[in-house]
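Shown next, in structure tokens, is the structure this report addresses.
The values are calculated or read from the model by the stated rules, or taken from the named source; none is laboratory data. Just so it is clear, the structure is predicted and the values come from calculations on it, not from any experiment. All Cβ positions, glycine included, derive from the backbone under ideal geometry; neighbour counts span all protein chains shown.
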Amino acid sequence: MTLLIAGGVGARTGSNRPSRARATRRWRDRLARFAFLVPAVVYVLVFFGYPLAHNISISLRDYTVRSFFTGEAPLVGFANYGTVFDDPLFGKAILNTLIFTVASIFFQFVIGLALAVFFADRFPGGNLLRALLLLPWLLPLVVSGAVWRWMLDADHGVVNAALRALHLTTGATPWLTSPHWALPAVIIANIWIGIPFNLVILHGGLTGVPVTLYEAAALDGAGRWQRFRHVTWPLLRPVTAIVLMLGLVYTIKVFDVIMVITGGGPANATQTLTTWSYQLSFRQYSFGPGAAVGNLLIVLATVFGLVYLRSARTSLAQETR
Amino acid sequence: MVLGQSRSTRGLRRAGVAVAALALVLTGCSSGSSGGSGNSITELDYYSDQQGSAAWQQVLDGCQSSTGITIHRQSLPTDQLLPRVLQAGPHNLPDLVFADNPNLQQIAATGALTPLSDYGFSSAGYYPSIVQAGTFQGKIYGLAPGVNGLALIYNKDLLAAAGIQPPSTWDELKADATKLTKGSQYGLAFSAVATEEGVWQFLPFFWSNGADLSKVDSAQSVQALQYLTGLVTDGSTSKSVLTWNQNDVADQFVSGNAAMMINGSWNLARLDSTASLHYGVVPIPVPAAGDKPVVALGGEVGAIPATGNATQQAAAKVLGCILSDKTMLSWDKAHAYVPSKTSVATTFGQQNPEMSSFVAEVSTARARTAQLGQQYAKVSTALGTALQAAITGQQSAQQALSTAQQQAGTS
């Protein structure tokens, strides 16, 4: 396309020497620009394109342990997807994934925002406290998961001991052993892990809000809540969009936290698309259905992402108007 | 606007890349190589805990000096070994691999392994169950230097204080567990976690009662699950068995939170290191007096992948050394496993009386893949779900096992 246009321009101006030289130079510039793109394109193709294509290919085949060595895996069309849709676990895994994602993001964001606003006011020890709050982010997920598993133990866990000491409960809440409590339990652990991320980005966004606006609002008689509602919140919108978008991507693919704390149990109560995909592939060696679940997860994440992007863009457009 | 549109779209684009990164969740890369000469081989195992890893290194060092073949060892966490072998493909295989025995048939099914008869190995003198675990389509692909199983380990002091003898039948176990439960102390601990470990702990009850993996909703199976569920519902076992793996079970026992536990011989070294703890071992209790306990057979089998003639011959020499009576005895003593050859096991039982209950059980132990082969993986997942569904009270034992049978039966 570019090639044709460049040629066209040259032809129209006739055999004018300096202009042809200019055209070649422009040409070279363009080529150079494309050359700079090559590393990025190769990187994306090798590390994102290939695995994705391979995963889609596996999901359309009868892929067995033998296929790894012989490379033979007959195409079966969408049979693996049929198997997955018919599985009684399918609905449960989708529902669990949705609940886990929405609840995690909501609470991570609200608590993260509250803390960010709190730390926006400078006070002695504020920086130290904020640094300490980052700790959950720095710990390997497997470590946090294991610690949460101990803390949530029904008999000897510190969570139940604390609840009893505060007289909030009398018995032992069966956090990880009841199918009703297990999902809330892993969500709580995941919220704790996600708060620092929200706090850091939102705090960064807050420092970008000009102090003069608050002063002006205060002069106009705006209270704390009104200042938050009419100054902080609208100005924080772009950052909010980023935080929620990244949070969505991080949360929907959470695997290690659930795997370490409950392993998808008890009785599949915490099975999400990620853990179910792992179970299918590496416990039952049903690689086709396992890959199909993985692809559904990607589709779900993309759909969510697009919907969110669109809503964020329209609200941004309205604001700038 | 302080933070411009450009910055936010860049962030969103980055998020798009992160979506693409999801594709990586399910795929992985592996690297590795196998030498072409017969002077050195690569070996892969999953003895990654400190004590086990050190003991296995001694075995390999011994065989390295006696065979003159350099052994390059790789050690992975248990659940990563099979994916590693599968992802290696035909050109990246280790020369010698020690895999969990129920996985052997999966690996053999890939066509990656060579039959051990090619190198003159014979299964004569081995326990038939471990030979079955290493057999795929009539040929032996794997042999183990040691096997293990589950038994009932009890706290001598707590039982003496309650004035009871260690139980040998289900009724006795139930009565004793109830008697030993008081305050924060439970009578019994076992693992019913949502992985293969939970199923492995359930199978001794399942098999000892005469149930059979080809029909997991049989009356005997339902009875076994009802029995185990009953121990939890009557409070003599913590509901947390649903989240405890076998290490956690041992922790509960060592800390005195459980007076008895179902666990394997590999824990004995750890129990010995707690000076104040006096423990005893009896075979796993059986449904009625006189029944034989049937536990699931554990242990790792050595197999030789097809990596080229020179390295295969070298790997065979090393495997021969590892399976020799002498190495077998020292490895099993160091790791508290039972020798897989009957004659060596007898000597071993005499030398190590604390292991005698485990030795006695091996003769009746059953390989998990003996009956179903590769299908075991699917049945095991279904059975594990049933175990958890019944213990949480979500379904009755009968309902849970009917569901499991349906799941196991499809495709």
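Quick one: which of B:Val294, B:Val222 is modelled with pLDDT of 95 or more, closer than 27 Å to B:Ala99 by Cβ and either assigned to a helix (DSSP H, G or I) or away from chain A (no Cβ under 14 Å) (or both)?
Just one listed residue meets the conditions, B:Val294.
For the range A:285-301, the candidate set comprises residues that are facing chain B (nearest Cβ under 7 Å) and under 23 Å from A:Ser104 (Cβ atoms); within that set, the residue that is modelled with the lowest pLDDT is A:Ala301. Please verify whether A:Ala40 is assigned to a helix (DSSP H, G or I) and either exposed (fewer than 10 other Cβ atoms within 10 Å of the Cβ) or in contact with a strand residue (DSSP E or B) (Cβ under 6 Å, 6 or more places away or on another chain) (or both), treating the condition exactly as stated. In short, yes.
Could you list all residues from the range B:214-239 that are crowded, with 21+ Cβ neighbours inside 10 Å and touching a strand residue (DSSP E or B) at 6+ places or on another chain (Cβ under 9 Å)? Talk me through it step by step, then tell me what you get.
So the first thing to find is which residues in the range B:214-239 are crowded, with 21+ Cβ neighbours inside 10 Å, and the list is B:216-217, B:221-222, B:224-225, B:228-229, B:231-232, B:236-239.
Once the filter is applied, which keeps residues that are crowded, with 21+ Cβ neighbours inside 10 Å and touching a strand residue (DSSP E or B) at 6+ places or on another chain (Cβ under 9 Å), the range B:214-239 yields B:Ser221, B:Leu228, B:Leu231, B:Ser236, B:Thr237, B:Ser238.
Taken together, B:Leu213, B:Leu271 contain a single residue that is under 23 Å from the mean Cα position of the chain (by Cα) and closer than 27 Å to B:Gln395 by Cα, which is B:Leu213.
Mind listing just one residue for me: the one in the range B:114-130 that is of a type in the set (A, V, I, L, M) and at pLDDT below 95 and, of those, surrounded by the fewest Cβ atoms within 10 Å (Cβ to Cβ)?
Applying the first criterion (of a type in the set (A, V, I, L, M)) to the range B:114-130 yields B:116, B:124, B:130.
Narrowing further to those that are at pLDDT below 95: B:124, B:130.
On the way: B:Ala124: 7, B:Ile130: 26.
Going through the qualifying residues, I end up with B:Ala124.
Taken as a whole, the range B:90-108 holds no residue that is among the small types (Gly, Ala, Ser) and either farther than 22 Å from B:Ala377 by Cα or surrounded by fewer than 20 Cβ atoms within 10 Å (Cβ to Cβ) (or both).
Counting residues in the range B:363-380 that are among the hydroxyl-bearing types (Ser, Thr, Tyr), crowded, with 18+ Cβ neighbours inside 10 Å, within 14 Å of chain A (Cβ to nearest Cβ) and part of a helix (DSSP H, G or I) gives one or more. A single member of A:Phe282, A:Phe304 is over 30 Å from A:Phe119 (Cα atoms), surrounded by fewer than 22 Cβ atoms within 10 Å (Cβ to Cβ) and at the interface with chain B (Cβ under 8 Å from one of its Cβ atoms), and it is A:Phe282.
Every condition in (1) within 23 Å of B:Gln407 (Cβ to Cβ); (2) of a type outside the set (Lys, Arg); (3) within 11 Å of chain A (Cβ to nearest Cβ); (4) crowded, with 23+ Cβ neighbours inside 10 Å is met by B:Ala258 except one, and the failing one is (1). Consider B:Asn267 carefully, then state whether it is surrounded by fewer than 19 Cβ atoms within 10 Å (Cβ to Cβ), part of a helix (DSSP H, G or I) and modelled with pLDDT under 95. So B:Asn267 does not fit the description; no.
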